[in-house]
Amino acid sequence: MKKLINNILFIGLIFANFQAKAQCSLNLFANPDPVLCGECVTLSAFGSMDGNVAFQEDFNSGSPVGWQFTQATTIATNTCGVPSPDGTPFMWMGDASVNPRDMTTVGFDLTLGGTICFEMRYSEQGDASPCEGPDEPDEGVFLQYSTNGGTTWQTIEYWDPNGGNDASLTGWNQYCVTIPAGAMTANTMIQWHQNAVSGAEYDHWGIDNVIITLNDPNSQISWLHDGYNYPLGSGGGDNPTQVCISTPTTYTAQITNGTNTCTQNITVQVVNPVLEVTADANASVCPGDCIQLTGESKVIISPASTPTFTNAEFSVVFGGSADMNINVTGLNQTTLTSSSITEVCLTSFNFSGTQVCAALPPPFGPGTCPCNGGTINNGQNCNLDVSSFDVILTTPDGCQITLVPNGVATGTNYTNVCFVPSGGGNINGGGFPAAGSWNPSQPFSNLNGCDANGVWNLEVNAPGGLGFGFGTLQGWSITFDDPEISYPASYTWSPTTDMTNSTTLTPTVCPTATQTYTLTATDSNNCVTVSDNVTITVSSCTSCSIDALTADTSSCNSATNTYGLTGNITFSNPPATGTLTVTNSCGGSQTFNAPFTSPINYTLSNLPADGAACSVTAVFSADAGCTQTSNYTAPAACTPSCSITGLTVLTTGCDANGEYTTSGEVTFTNPPATGNLVIEDCNGIQQTISVAGLVSPFNYSLTGQTADGAACDITAYFSNDATCTQTLAYPAPSCNCNIDNFTAQQGFCNGVNNTFELEGTIEFSFPPATGTLTITVNNGAGTFDTIINAPFASPQTWSVSGIPADGSNYSITATFSADAGCTSTQNGTAPPDCSCAAQIGTFNADIIGNGINDYQLCFGDVLDITSNNDYSYPDEATAPPIPAPYGYNPGLAYLIYSCPPTIGTFPSSDTNQVITNDPCLLGVATFGDDLSLLNDLGSVGAPFNNSTVYYVPITFYDTLNGIYSYTNTNITCFSMGSPIAVQYLPEVVSSSPTENCAAGTFTVTINGGLPELDGSSFTASNLLPATASFVNTTAANGGIIQITGLQHGDNYSFDVADANGCPITITGGPFTGAPVANAGQADTSCTLTYTLNASLSHGTGAWTGPANISFSDATSPTATATSTTTGTYTLTWTGTSLPGCTDAATVNITFTQMST
């Protein structure tokens, strides 16, 4: 076989970039690049003229600059060992960034349209934090815009993680997108947004070199190879006409505004396809013989592979279920077959806890729940471990199989347990779930036809109720056998002399001499041609002969009445092809394939021992004349006599009718070929079974026998062989009152009254007809009982409540009053005291900073919450202690909520009162007695309404592992304090400062603070200089404060604060006022020239006059005016301090000319 193998790179985006200094920038892209020979590529261009940059950020300052909001980020040059393309710092959303992860710009004027370009990289899925990448379809990054101040966002583009290992996403790439029409407004915000994050330690990514450029209305981008022009003023995009190439090709684009022109090249690389060509194996033939060749010729589009997809996340399991996803992408197969999945492995799973049955009672439901392979009644508790869980595999389109049903696993955990299609251990055969390979409960073939690519889910679920407990689920993987995608290549054979069917891959050749044949193949685009040779050697051949054929019989097997036949075949000059077949006239054959080496030994088994005359023949398929036959006689029959070798008897107790049932096993050998097997008791009750198909041992059952205590026996015999029999004696049972089964289940301690309940079931037979059945609990300090009156029906449920939970030993006795000998006793130990000692105590809260209202934090304010140290921790629970790795490490913590808590604000036995069920709970803010909060608009790291979150102190049982309550009862034990509402006010900022020199005013826009959230007003004060005054002293969010009375040269300042005291100080100056111009006094000149004498308070001046007047220096107050004619003319002196801020004065000058 020959293969042409090329290094096929990932299909992604590459780009070329050009920036001409002080002129323009141009980015070119090709997708895909490299391209498979003969395939097509889409070219894209994005560009702008220099100076049209709305926003640019390279993060080289060490922190985000110019953003409206940024999540907590890391700025570095080499995070996760992958530097940025230019080696400078970049922004990384690592494990300091919680969900949602946003980078939001301020508003820009994007009415011209333009392009957003940036570099971005995802981490690889499964790497360690902070380098663990997104993998699921919803965990990628959105590029969005908002035109209403961030209230709503529209998506421009989204980058699907594509499984988390796509090289085009896990390496740095530049992305450019055109600003959509809806974003072309005077105040548009841009945002990078990720809102599906598994946790702070997962799904990390980064960006760098962000630039937003605006279109130049006079510029145009063009491709020179096909003359395609983007619309005038466009920022670029895709060229609608693809290019299809078979060799590396360079393309050129340009951008020009008529004055400046930039060009840029991009070279698209080409890779050749992979061809597999096999002509056949070399062979030899005799002169005049023919042989069929079997060739192969195909183009590999995507090779076969056995990829493994892994999710190595670690999660704590609370309650009775947990699941974990894997995003499978890039498989050649779109639907599953029986051979698609080769292995599903669960890295680690453990759990310890309880579950309360919540099944509806009949007739609305079953009234029971599954529990570790059995059932429990509604309201009862089931101790949970890994055996309590179903393990379920779900395909992307919802098909499911159960890998392990509940009640099968043993031990305490799954560790490195794999499920395979076949050849694994039997999960029901003991030892499961030991590390290794196992056959699943339901085969992988049940998923045939379901989707292969997409999000797979592995779920562990304890069915039947509400679960409580702790465990961990850490990672799983799935491995596929993914077939190749290929198509037949074009091919030719050469030479075709002595060849038939030469246009097929299976021609027949009849060479007259040794000949080499060549199979040549080409792909559909004529890019690659590959050949392979096969040589057929023509050699001299002699005739075939079988020289000897032996036949040796074994002795008769009495168990099966059969024998075996062995022998050897000695031959010379065998054919080079075909088969050698040995056939027995009395049954059986064996076949051997070429090539053949003499002698060959054969074996035929399970032949009937009947003394018949038989023969055995050997023949070559490629030479029917090469044959030999030997005769022999089969051994005589050896059938043994019938024998009943074993008989067992097992009786039941009396039933309600005074009868019993006998069962047992009959073991026998060599039964008669006809008739029946009969099992009969001493009273003639029997069971009859035909011997046709009967197999030893046989399990029998006799019913309706009288329970009279008399002696009896069981006899087994064959109706057609009276000597084949056996009898076994036994005593029949008698019917007395008996308690057959007495169960008791202990409930949890009730923290309200520190008592517990016992309940159970009692089963009995032949009870008395009168009296009572009393169940009594005796704990040494007193008795507690329940009484059941006749008539009695078995089974009977019972319960005794109000028993003190003090850890003492107790006994439970059931007794019938009318038959004191019909009794049963059980023993147990009461649960320990379950009162809760936890008390949260009291706290003080103080604002350090400008805020004056409780508890509204100005930007930069700090809120200190301190404990008065009057708290009490929950007591340690020791019966049993909390399982490792958890422990008793009590302390305080602060929970954070997005709204006031409604669940778990006090200890309760209500299963719904679990604080993790509170929809407002965001997580744990910190552990410790005290909490210090800085308003930097990035420290909360969680969604909340009206910028308000709620901090609640709480006692914890184990602060090291995050366990707030652990008890040996069915109630929780913890204490929570009152919620502390904290409102994080945005920073008070100013914008759009504007001076009006003509009016003597200054105007500024104020945003942020409390007005941004509740619509209240800002108040201005402390204005300097004293000569200035406020036009208005209050403003809403986004409103203006204006001062007036400013004079030229004034430095000015004033303070602005919201109703919470959050301040900003506005300063400016020196102020530029309107100029004062003086053109001087009217005068007369005796000549046609005159030196003017003007003045100007500040700024620049200029002289103007009639057309006959010219000025030697029009900007000088003492310019010389020259007239071409005599007369009186008005001249104007205009002063300007700022554009649009002027003052003008005039003067009349009379020009005369003395006569000579």
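The values are calculated or read from the model by the stated rules, or taken from the named source; none is laboratory data. None of the values given here were measured: they were computed from a predicted structure. We place every Cβ from the backbone using ideal geometry, glycine too, and count neighbours over all the protein chains shown.
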Worksheet item: Which of the residues spanning region 70-113 are surrounded by 15 or more Cβ atoms within 10 Å (Cβ to Cβ) and in a helix (DSSP H, G or I)?
Response: T79, C80
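Just one of H193, H204 is surrounded by 20 or more Cβ atoms within 10 Å (Cβ to Cβ) and either free of Cβ contacts under 8 Å to residues at least 40 places away in the same chain or over 19 Å from S48 (Cβ atoms) (or both); which is it?
On the way: H193 fails: surrounded by 20 or more Cβ atoms within 10 Å (Cβ to Cβ).
Exactly one residue qualifies, and that residue is H204.
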Fill in: Matching entry among A622, A636 (being of a type in the set (A, V, I, L, M) and closer than 29 Å to F718 by Cα)
A636
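Does any residue of region 243-263 turn out to be crowded, with 16+ Cβ neighbours inside 10 Å, small (G, A, S) and over 30 Å from A622 (Cβ atoms)?
Here is the first cut: in region 243-263, the ones crowded, with 16+ Cβ neighbours inside 10 Å are 243, 245, 249, 251, 253-257, 262.
Still in the running and small (G, A, S): 253.
Narrowing the set further to residues that are over 30 Å from A622 (Cβ atoms) leaves 253.
Scanning region 243-263, I find at least one residue that is crowded, with 16+ Cβ neighbours inside 10 Å, small (G, A, S) and over 30 Å from A622 (Cβ atoms), so the answer is yes.
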Worksheet entry | Qualifying residue in region 633-650 (condition: of a type outside the set (D, E, K, R), farther than 30 Å from E680 by Cβ and assigned to a strand (DSSP E or B)) | yes
Worksheet item: Looking only at strands (runs of 3 or more DSSP E) that fall completely inside region 960-1078, which ones have 3 or more residues that are more than 30 Å from A893 (Cα to Cα)?
Response: 989-996, 1001-1007, 1018-1024, 1040-1044, 1052-1057, 1063-1068
Discussion item. For the list (1) within 27 Å of the chain's Cα centre (by Cα); (2) buried (at least 17 other Cβ atoms within 10 Å of the Cβ); (3) more than 20 Å from G475 (Cβ to Cβ), I need the number of the one condition that E157 fails.
Written reply: (2)
Worksheet item: Can you name the residue in region 772-786 that is of a type in the set (A, V, I, L, M) and more than 57 Å from the chain's Cα centre (by Cα) and is also nearest to N809 (Cα to Cα) among such residues?
Response: A781
Discussion item. Just the residues that are farther than 16 Å from S339 by Cβ and either modelled with pLDDT of 95 or more or among the charged types (D, E, K, R) (or both), please, taken from region 443-455.
Written reply: D451
Item to complete: Collect the residues in region 836-880 that are touching a strand residue (DSSP E or B) at 6+ places or on another chain (Cβ under 8 Å), polar (S, T, N, Q) and within 30 Å of G807 (Cβ to Cβ), keeping them in residue-number order.
Response: Q839, S872
Practice prompt. Looking at (1) modelled with pLDDT of 85 or more; (2) under 30 Å from the mean Cα position of the chain (by Cα); (3) within 20 Å of G206 (Cβ to Cβ), find the lone condition where S61 falls short.
Written response: (2)
Worksheet item: When only residues in region 854-875 that are in a loop (DSSP other than H, G, I, E, B) and out of contact with any Gly (no Cβ under 8 Å at 6 or more places or on another chain) count, which is modelled with the lowest pLDDT?
Response: D875
Worksheet, complete the sentence: Exactly one of T776, T797 is loosely packed, with under 13 Cβ neighbours inside 10 Å and either in the same structural domain as D655 (by TED's automatic domain parsing) or not aromatic (F, W, Y) (or both), and that one is T797
Worksheet, complete the sentence: Within region 147-190, residues being in contact (Cβ under 8 Å) with a residue 60 or more places away in the chain and among the aromatic types (F, W, Y) number 2
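Do you know which residues across region 650-684 are among the hydrophobic types (A, V, I, L, M, F, W, C), over 19 Å from D740 (Cβ atoms) and crowded, with 16+ Cβ neighbours inside 10 Å?
Of everything in region 650-684, those that are among the hydrophobic types (A, V, I, L, M, F, W, C), over 19 Å from D740 (Cβ atoms) and crowded, with 16+ Cβ neighbours inside 10 Å turn out to be V666, F668, L677, V678, I679, C682.
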Discussion item. Six or more apart or on different chains, Cβ atoms under 6 Å: show the pairs whose first residue is in region 1042-1065 and in contact (Cβ under 8 Å) with a residue 24 or more places away in the chain and whose second is of a type in the set (F, W, Y) and part of a strand (DSSP E or B).
Written reply: I1043/F1002; I1043/F1030; V1056/F1018; D1058/F1018
Response to the item:
Residue hits (region 397-423; of a type in the set (A, V, I, L, M) and part of a strand (DSSP E or B)) are I401, L403, V404, V417
Discussion item. Restricting to region 43-69, name every residue that is surrounded by 19 or more Cβ atoms within 10 Å (Cβ to Cβ) and charged (D, E, K, R).
Written reply: E57
Response to the item:
G611 passes all but one of the listed conditions (1) touching a strand residue (DSSP E or B) at 6+ places or on another chain (Cβ under 8 Å); (2) under 30 Å from T508 (Cα atoms); the exception is number (2)
Practice prompt. Would you check if F1030 is out of contact with any helix residue (DSSP H, G or I) (no Cβ under 7 Å at 6 or more places or on another chain), buried (at least 21 other Cβ atoms within 10 Å of the Cβ) and either within 30 Å of F927 (Cα to Cα) or not aliphatic (A, V, I, L, M) (or both)?
Written response: no
Worksheet, complete the sentence: Only one of I865, I848, I882 is closer than 24 Å to V982 by Cβ and within 42 Å of the chain's Cα centre (by Cα), namely I865
Worksheet item: Just for region 120-140: of the residues that are over 15 Å from the mean Cα position of the chain (by Cα) and surrounded by 19 or more Cβ atoms within 10 Å (Cβ to Cβ), which one is nearest to D203 (Cα to Cα)?
Response: P130
